[in-house]
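**Q** Got a structure for you, questions after.
The values are calculated or read from the model by the stated rules, or taken from the named source; none is laboratory data. Quick caveat, the model's predicted, so the values are computed rather than measured. Virtual Cβ from ideal backbone geometry, glycine too; neighbours counted across all protein chains shown.
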Amino acid sequence: MNVSAEKNALVLCTLLLYAFGAAFFFYYGLACMNDPVFGIDFLSFHVAARLQAAGNMEAITNYATTGGMFADSGPFLEEFHKHFFPESTAATRWIYFSAYLWIFRPLAAFDFPLSAKIWLLANAAMTVVIFIFLARSLPVEGLNENAIRLRNAVLFFLVFTFQPVLDNGWHGQVSALLFLVFCGGYFLFRRRRPFAAGFVWGLIMPFKFYPALLFFYLLWRKDWKAVSGAMVGGVLVLAVSLATAGVQGNLDYLAFLAQELHGAWKPAFNNQSISGFLMHVLTKANIGTWENVDVPFFLGPIRLVLIVVAVVSASYAISRPRRSADDQPPFELDLSLIILIMLLAAPMTWYHYFVWLLFPLAVLFNILLKGEIPAGKWLSALGVAYALVTVQGVTVLYPVHYDLLQNRWFFRLLLSQSAIGAMLLFLVTVKVRLDQVTDRTAVRKKSTSSGVV
């Protein structure tokens with residue numbers, strides 16, 4: 001093949017990746033608004049925003065008398081009956097700090113169907129910005145111009161065909177928003193603005209709490225500018241929450257949160273955390289239950305051991321010195337391990353949370369393109385991990401074959417397909433991170449607090 005033919009082949013592959021990614025996203029990502037349960041999770045955000053606009057904060061924070069995570073009476077259940085399942089005895093409700101109500105406040109002016117469609121379009125726009133942040137931030141050292149173009153096309157394909165991204169939009173969730181903010185912080189880190197990056201991350205750390213693991217990573221790095229920025233961002237969220245719901249409203253929320261975290265064993269089929277995996281494989285708990293359930297005592301120690309093993313493995317890998325002469329830690333791989341730990345170790349990780357896996361996948365694909373991942377079983381493992389987390393697989397049978405999924409061990413194992421893929425992706429990331437080391441016995445040199453990554 002001559003040079004001209006190679007160039008044309010590269011251009012063709014690049015265009016096909018962009019075209020297929022865009023067509024796939026438009027068809028599957030936007031056509032979901034015709035689904036009967038489109039925006040089912042967004043409803044609780046919309047109801048809460050309307051209650052806030054009406055000045056009725058008590059209806060939002062009154063967890064004790066209207067149910068915990070699922071409201072068994074009140075406006076959340078009433079609106080749920082109007083738009084979804086009239087026979088339901090409970091409905092999802094607002095379960096976050098009240099500062100985040102302001103995100104949805106502008107949509108309170110519209111009725112629910114229109115608001116849900118606007119939020120879907122907002123998620124589509126956020127997906128575009130996520131791609132831009134990743135494409136402009138991931139290292140390009142060692143790649144020529146043609147390789148960078150191909151890398152960006154592969155990244156576009158990855159982002160716009162990733163099933164968790166589509167699930168997030170279909171349900172009307174906030175995972176893409178949280179991941180977008182994370183990517184914005186990462187972009188700022190790469191631009192050597194650690195305080196601004198930490199501040200941006202601090203804004204999302206109290207949202208669903210699992211991003212708070214990023215704060216401990218910044219502490220470990222002794223990046224005090226980023227740490228101080230994260231603290232300012234987190235304090236700002238708490239201050240806005242106090243101004244929005246008052247002291248008592250926030251105390252009620254914290255009491256609710258403590259009660260939820262005390263149990264936190266949810267066997268639902270789309271729980272892709274370690275706890276969900278254990279409940280699917282080692283119990284007969286109802287996979288259609290999104291509320292806390294009692295579990296055998298032995299599951300607690302098993303879950304703790306698995307989490308400790310994962311944390312120790314990630315800590316060991318992160319603590320190793322980098323092979324390159326600049327002595328900067330491989331920031332992207334470290335962040336990938338943090339993301340994988342926070343998703344797997346959380347008590348419940350719904351499938352749409354796996355939007356965050358775009359980052360470790362993008363990082364590993366980027367390294368692969370640069371030829372820094374050796375061929376062989378680990379490269380094959382990366383492909384298998386990507387395949388497992390890309391689609392939900394057997395869970396699509398839930399509406400028509402509930403009994404099969406509930407009562408057959410093999411199918412219960414397959415319910416955790418994505419969690420298994422994330423575990424495999426974790427192992428691949430640890431291996432690639434350790435391959436960055438030349439002297440395994442060397443002591444990790446202190447990272448600077450300059451924020452340069």
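**Q** Looking at LEU364, LEU333, can you tell me which residue is in a helix (DSSP H, G or I), touching a Lys or Arg at 6+ places or on another chain (Cβ under 8 Å) and touching a residue at least 24 places away in the same chain (Cβ under 8 Å)?
**A** That would be LEU333, the only listed residue that is in a helix (DSSP H, G or I), touching a Lys or Arg at 6+ places or on another chain (Cβ under 8 Å) and touching a residue at least 24 places away in the same chain (Cβ under 8 Å).
**Q** Could you tell me how many of the residues in segment 1-50 are over 26 Å from ALA125 (Cβ atoms) and either free of Cβ contacts under 8 Å to residues at least 40 places away in the same chain or within 27 Å of the chain's Cα centre (by Cα) (or both)?
**A** 10
**Q** Could you please find all residues in segment 78-103 being assigned to a helix (DSSP H, G or I) and either of a type in the set (A, V, I, L, M, F, W, C) or crowded, with 21+ Cβ neighbours inside 10 Å (or both)?
**A** PHE80, SER98, ALA99, TYR100, LEU101, TRP102, ILE103, listed by residue number.
**Q** Tell me whether segment 191-201 contains one or more residues that are among the charged types (D, E, K, R) and part of a helix (DSSP H, G or I).
**A** The answer is no; no qualifying residue exists.
**Q** Another question about this same structure. From the list PRO75, PRO106, exactly one residue is surrounded by fewer than 18 Cβ atoms within 10 Å (Cβ to Cβ) and of a type outside the set (D, E, K, R). Which is it?
**A** The conditions single out PRO106.
**Q** Still on this structure, please answer the following. State all residues of segment 238-252 that are polar (S, T, N, Q) and over 12 Å from TYR96 (Cβ atoms); if no residue qualifies, say none.
**A** Listed by number, the list holds a single entry, GLN248.
**Q** Moving on. Among the listed residues ARG433, ARG412, which satisfies the condition of being surrounded by 18 or more Cβ atoms within 10 Å (Cβ to Cβ), modelled with pLDDT of 80 or more, in contact with a helix residue (DSSP H, G or I) (Cβ under 8 Å, 6 or more places away or on another chain) and farther than 30 Å from ASP41 by Cβ?
**A** From the options ARG433, ARG412, the qualifying one is ARG433.
**Q** Can you tell me which residues in segment 398-432 are without any contact (Cβ under 8 Å) to a residue 24 or more places away in the chain and within 24 Å of the chain's Cα centre (by Cα)?
**A** Correct list: LEU414 only.
**Q** Looking at (1) outside any helix (DSSP H, G or I); (2) under 21 Å from ILE420 (Cβ atoms); (3) not hydrophobic (A, V, I, L, M, F, W, C), which is the only condition SER313 fails?
**A** Unmet for SER313, out of (1) outside any helix (DSSP H, G or I); (2) under 21 Å from ILE420 (Cβ atoms); (3) not hydrophobic (A, V, I, L, M, F, W, C): (1).
**Q** Test LYS225 against the criterion of being outside any helix (DSSP H, G or I) and either basic (Lys, Arg) or closer than 19 Å to GLN52 by Cβ (or both), and give yes or no.
**A** When the stated conditions are applied, LYS225 does not pass them.
**Q** Scan segment 136-144 and give yes if some residue there is crowded, with 19+ Cβ neighbours inside 10 Å and touching a residue at least 40 places away in the same chain (Cβ under 8 Å), otherwise no.
**A** Yes; the residues of segment 136-144 include at least one that is crowded, with 19+ Cβ neighbours inside 10 Å and touching a residue at least 40 places away in the same chain (Cβ under 8 Å).
**Q** Out of all the residues in segment 275-295, which are within 22 Å of the chain's Cα centre (by Cα) and under 21 Å from ILE307 (Cα atoms)?
**A** Residues satisfying the conditions are SER275, GLY276, PHE277, LEU278, MET279, HIS280, ASN292.
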